[in-house]
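The values are calculated or read from the model by the stated rules, or taken from the named source; none is laboratory data. Predicted, not measured: the structure shown is a model, and the values here were computed from it. Every residue, glycine as well, gets a Cβ built from its backbone with ideal geometry; the counts of neighbours run over all protein chains shown.
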């Protein structure tokens, strides 16, 4: 079983989707530890509800130590609103997955997080948006893309309505990407991620 560590900053709906996937066996892995850089993040309570270690920690050296102590194979950034350092990237090269609520390379990078992404999409007049799961490298939202799925932008959308529809897609492709990682179906070659049957 692949040991998964999840880093969060907020409510943890993506975390819940991962936990559910592990519990219903669509993901051949176990969430061993959840770490939040925000003490009041509801995601920590979600972890406790499933008897998963829940830790509040801001310092990255300590986060790396916790991940190693728990023998983590895969790190998932699920709404983790902090850029991670090259040190953490190097420790877990091609073993850190992030979910972003747009079709990278659009509406991503510095300043694009949370509802700002969806407002940016609406303000630009884009007709489609979506979500992207990618491996993490040293940049912000610049790592090799594993999976993407589109969501139509409707004329009466505001950022909240659009965010709710994108979130459903996030849950779907994040759990699918983690499942493929756990089953050793992903190969990274430069910028490209190949999915092996």
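For segment 1-26, name all the residues that are assigned to a loop (DSSP other than H, G, I, E, B) and either over 23 Å from residue 89 (Cα atoms) or in contact with a strand residue (DSSP E or B) (Cβ under 7 Å, 6 or more places away or on another chain) (or both). Within segment 1-26, 1, 9, 11, 24, 25, 26 meet the criteria. Selection of segment 71-90 for residues being farther than 20 Å from residue 112 by Cα and buried (at least 16 other Cβ atoms within 10 Å of the Cβ) yields 72, 73, 74, 75, 88, 89.
The rows are residues; the columns are (1) surrounded by fewer than 16 Cβ atoms within 10 Å (Cβ to Cβ); (2) under 17 Å from the mean Cα position of the chain (by Cα); (3) farther than 30 Å from residue 86 by Cα.
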site	(1), (2), (3)
103	no, yes, no
115	yes, yes, no
121	no, no, no
141	no, yes, no
172	yes, yes, no
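Say whether the condition of being in contact (Cβ under 8 Å) with a residue 60 or more places away in the chain and either in contact with a helix residue (DSSP H, G or I) (Cβ under 9 Å, 6 or more places away or on another chain) or farther than 17 Å from residue 170 by Cβ (or both) is met by at least one residue in segment 51-60. No, because not a single residue in segment 51-60 is in contact (Cβ under 8 Å) with a residue 60 or more places away in the chain and either in contact with a helix residue (DSSP H, G or I) (Cβ under 9 Å, 6 or more places away or on another chain) or farther than 17 Å from residue 170 by Cβ (or both). For segment 38-51, the set of residues classified as exposed (fewer than 15 other Cβ atoms within 10 Å of the Cβ) and either within 23 Å of residue 61 (Cα to Cα) or in contact with a strand residue (DSSP E or B) (Cβ under 7 Å, 6 or more places away or on another chain) (or both) consists of 39, 40, 48, listed by residue number. Scanning segment 21-37 for residues that are without any contact (Cβ under 8 Å) to a residue 40 or more places away in the chain, in contact with a helix residue (DSSP H, G or I) (Cβ under 9 Å, 6 or more places away or on another chain) and surrounded by fewer than 17 Cβ atoms within 10 Å (Cβ to Cβ) returns a single hit, 30.
Yes/no per residue for (1) within 23 Å of residue 134 (Cα to Cα); (2) at pLDDT below 95:
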site: 20; (1), (2): yes, no
site: 44; (1), (2): no, no
site: 69; (1), (2): no, no
site: 81; (1), (2): yes, yes
